[in-house]
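Heads up, the thing below is written out as structure tokens.
Only the coordinates and a few stated rules stand behind these numbers; no lab work does. The shown structure was predicted, so the numbers you read here are calculated from the model rather than taken from an experiment. Heads up, the Cβs are rebuilt from the backbone with ideal geometry, glycines too, and the neighbour counts pull from every protein chain shown.
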Amino acid sequence: MGVKLLLDKAHVAGIRHFDVYRREGGYRSAEKALQSMTPEAIVEEVKKSGLRGRGGAGFPAGMKWSFIAKPEGVPRHLVCNADESEPGTFKDRYLMEFIPHLLLEGLLVSSFALGSNDTYIYIRGEYAWIVDILETAIEEAKANGFLGKNILGTGFDCNIYVHRGAGAYICGEETALIESLEGKRGNPRIKPPFPAIQGVWNRPTVVNNVETLAAVVPIINMGGDAYAQIGVGRSTGTKLISACGNINKPGVYEIEMNLSVEEFIYSDEYCGGIANGKRLKACIPGGSSVPILPANLMLTTAKGEKRLMNYESLSDGGFASGSMLGSGGFIVLDEDQSIVKNTYTLARFYRHESCGQCSPCREGTGWMEKILINILKGKGQASDIDLLWDIQRKIEGNTICPLGDAAAWPVAAAIRHFRDEFEWYVNHPQEAQTRNYGLAHYADPIHVPA
Amino acid sequence: MAEQQLMKVTIDNITLEVPAGTTILQAARKIGGEVAPPAMCYYSKLEGSGGKCRTCLVEVSKGSEKDPRPMPKLVASCRTTVMD
């Protein structure tokens, strides 16, 4: 049983309400931060903790905070990115639904550190019921003097507003989120200028994920150094993983980042093994946009070491034999799943969600989808696989925002690791409509514990 | 406006000095010929245009010390100003 920092109290009855949350030790970090620390000291503490952005990119949060410009007389803003639209990721929903006050406490401390008097939560439109939960929590916090004017007698004002998005995946990208928050169409901006210089309404802005901001609470409570002790290397603290797919126990788990992937999938404490006694075929470790890995590379790295659930270990070997932790949407595929079909589903999603602003992504995602549906329906040609590879290479890195990369990586990884299966679809179009390729393409049968 | 600051840039091994605020595309067009990248969605008279079609992507081999972004990197030359 690992350390739990975020979901420790998630199942205390009534924790959703202020009274219970306060009785369980809530808002202690807010008192400590506002009454005895300076904003610079808080930023320093977060830097020391080594907290990395939990939204997907893994950028150090303390460093992001220190980039914020501080011109005289211009208000600054903190925006919480709760637009959790990555397929396979649902950790923020869980956090906000069960302990909304933890997020508010983290937002209050972070707002104080950054000097933001108006803080926004940009939440995806589908989470309508969570908007109600958050707004109730904000009202409660206001009634108890933890939000609003002159918080705890320190003279610091902070208001939190919940803004509902309209369901676009692209609005999870920080500059598109800012555009959407301003009331415009959610198109990513060309960087630079970065949001830390010119964000919402051309004011300095920091955009952070829900989990990142919630993690500020334990950092202030226990101190940055103690937080950095948890985990391994540069992956400090705990991470929420939302596990789904063909497993016995899907759900949100808080893990310490020295847990091995094998233990995460097979131990009863976490996923509880593959459902229906099947064997593991492949796994997408960090939400739909990260490269898919076959079972053998998922459990051990190319060097033969055990793969752990953290930023470094999952990306060990680069994209040739590794993947990314991403946002922590852990999708498990068993032997009955078709990789071609799975790749097509993802390509279709990205074609639909591409904002259409820049050419490589707008055109490329469309062509990838068309080629993949042809292969899937048995109308593919042998040259299509190379064509797909060519297209994804021309999208990656050439676009304004990372959606292009996110669309290219799953296709690239599927072809890299499962080319045999694509070829089988092309060469045996009739057969491919009736049965699955299964695990046959593995040169050595993969070892899977019982 | 303050004194125009000149910046030294090297494109395809040709070095020239341009005023600060010039885009990479404009600098390359000053040299002309094969050096200037093609561009489609950029129209110099229209403010805020460009950056969308990605035809004019160029590789910046070395950025400035003020810019924290890692280089080398592909950028849209019509929207990126030169750096020292």
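If one takes the longest principal axis of the Cα atoms in chain A, at what angle in degrees, from 0 to 90 and to the nearest 10, does the Cα axis of helix A:339-353 lie?
50
Report the residue, chosen from B:T15, B:T23, B:T55, that carries the largest GNM mean-square fluctuation when chain B is represented by alpha-carbon nodes joined by springs under 10 Å.
Checking each option, the largest mean-square fluctuation is seen for B:T15.
How many angstrom separate the Cα center of the range A:377-418 from the Cα center of the range A:144-169?
42
In the range A:7-114, what trypsin sites (Lys or Arg not before Pro) fall in a loop by DSSP, with at most 10 other Cβ atoms inside 10 Å?
Numbers: sites: A:K9, A:R16, A:R22, A:R23, A:R28, A:K32, A:K47, A:K48, A:R52, A:R54, A:K64, A:R76, A:K91, A:R93; in loops: A:K9, A:R16, A:R54.
Within the range A:7-114, no trypsin sites (Lys or Arg not before Pro) qualify (loop, at most 10 other Cβ atoms within 10 Å).
At most 14 other Cβ atoms within 10 Å and a DSSP loop assignment: could you name the GluC sites (Glu not before Pro) in the range A:253-345 that fit?
Listed in order of number, the matching sites are A:E269, A:E305.
Using a Gaussian network model of chain A whose springs link C-alpha atoms within less than 10 Å, name the residue from A:A166, A:A113, A:A30 with the highest mean-square fluctuation.
A:A166
What's the center-to-center distance, using Cα atoms, between the range A:251-323 and the range B:34-84 in Å?
38
Which of A:C171, A:C80, A:C158 comes first, and how do the rest follow, when ranked by fewest Cβ neighbours within 10 Å?
Ascending number of Cβ neighbours within 10 Å: A:C158, A:C171, A:C80.
According to the square roots a ≥ b ≥ c of the eigenvalues of the Cα gyration tensor, what is the shape class of the protein assembly as shown, taking rounded for a/c under 1.5, prolate for a/b larger than b/c otherwise, and oblate for the remainder?
Oblate.
For a quick check: sort A:H417, A:H352, A:H11, A:H101 by the number of other beta carbons within 10 angstrom, fewest at the front. Walk me through the numbers before you get to the answer.
Details: A:H417 20, A:H352 12, A:H11 9, A:H101 26.
Lowest to highest Cβ neighbour count: A:H11, A:H352, A:H417, A:H101.
Restricting to bridges with both residues inside the range A:231-334, how much of the DSSP beta-bridge set is antiparallel, in percent to the nearest 5?
Bridges in the range A:231-334 are about 75 percent antiparallel.
Set the Förster radius R0 to 30 Å, insert the Cβ-Cβ distance between B:K73 and A:A320 as r into 1/(1 + (r/R0)^6), and round the FRET efficiency to 0.05.
That pair, B:K73 with A:A320, gives E of 0.90.
What residues qualify as long-range amide H neighbours of A:F146, i.e. H under 5 Å apart, gap of 5 or more or another chain, H built at 1.01 Å from N?
HN-HN under 5 Å from A:F146: empty list.
On a straight-distance basis, which aspartates and glutamates could pair with A:K47 in a cross-link, Cα separation under 14 angstrom, same-chain partners fewer than 8 positions away excluded?
Once the sequence-local aspartates and glutamates are set aside, what remains near A:K47 is A:D225.
For A:K249, go through the aspartates and glutamates and keep the ones whose alpha-carbon is under 18 Å away, minus same-chain ones fewer than eight residues off.
Result set, ordered by chain and number: A:E262, A:E263, A:D268, A:E269, A:D334, A:E335.
Loop only per DSSP, at most 15 neighbouring Cβ atoms within 10 Å: give me the GluC sites (Glu not before Pro) in the range A:35-128, ordered by residue number.
Counting only loop positions with at most 15 other Cβ atoms within 10 Å, the GluC sites (Glu not before Pro) in the range A:35-128 are A:E72, A:E126.
Could you please report the charge total around A:R234, scoring K, R as +1 and D, E as -1 over all other residues with beta-carbon less than 10 angstrom from its beta-carbon?
Here the count lands on 0.
Counting DSSP beta bridges in chain A, what percent are antiparallel, to the nearest 5?
45
I want the local charge near A:E269. Using Cβ-Cβ distances under 15 Å, sum +1 for each Lys or Arg and -1 for each Asp or Glu among the other residues.
Net of charged neighbours comes to -3.
Any idea what angle helix A:403-427 forms with the longest principal axis of chain A, computed on alpha-carbon atoms, 0 to 90 degrees, nearest 10?
Tilt of helix A:403-427: around 20 degrees.
In terms of Cα to Cα distance under 13 Å, which aspartates and glutamates are near enough to A:K4, apart from those fewer than 8 places away along the same chain?
A:E254, A:E256
Please identify, among A:M368, A:M63, A:M298, the residue showing maximal mean-square fluctuation in a Gaussian network model of chain A using a 10 angstrom Cα cutoff.
Maximum among the listed residues: A:M63.
To the nearest 10 degrees, how steeply does helix A:359-376 sit against the main Cα axis of chain A, on a 0 to 90 scale?
Approximately 40 degrees, to the nearest ten.
Would you please give the FRET efficiency between A:F67 and B:K62, computed as 1/(1 + (r/R0)^6) with r the Cβ-Cβ distance and R0 = 22 Å, to the nearest 0.05?
On the way: r = 21 Å, r/R0 = 0.96.
Plugging the Cβ-Cβ distance into 1/(1 + (r/R0)^6) gives 0.55.
When a/c reaches 1.5 or more, the comparison of a/b and b/c decides; with that in mind, is the range A:106-256 rounded, prolate or oblate per its Cα gyration tensor?
In terms of gyration-tensor shape, rounded.
Please work out how many pairs of lysine residues in chain B are eight or more positions apart (or on different chains) and have Cα atoms closer than 24 angstrom.
11
How big is the gap, in Å, between the Cα center of the range A:1-27 and the Cα center of the range A:79-138?
The range A:1-27 and the range A:79-138 have Cα centres separated by 16 Å.
Determine the gain in length on full extension of the stretch A:T136-A:K306; use 0.36 nm per residue of separation and subtract their C-alpha separation, reporting nm with one decimal.
Details: separation 170, 0.36 × 170 = 61.20 nm, distance 4.49 nm.
Extending this stretch completely gives an extra 56.7 nm.
Which order do A:M96, B:M83, B:M40 fall in if you start with the one that has the fewest other Cβ atoms within 10 Å?
The fewest-first ordering by Cβ neighbours comes to B:M40, B:M83, A:M96.
Which of the three applies to the range A:171-313, rounded, prolate or oblate, going by the alpha-carbon gyration tensor with a ≥ b ≥ c and a/c under 1.5 meaning rounded?
prolate
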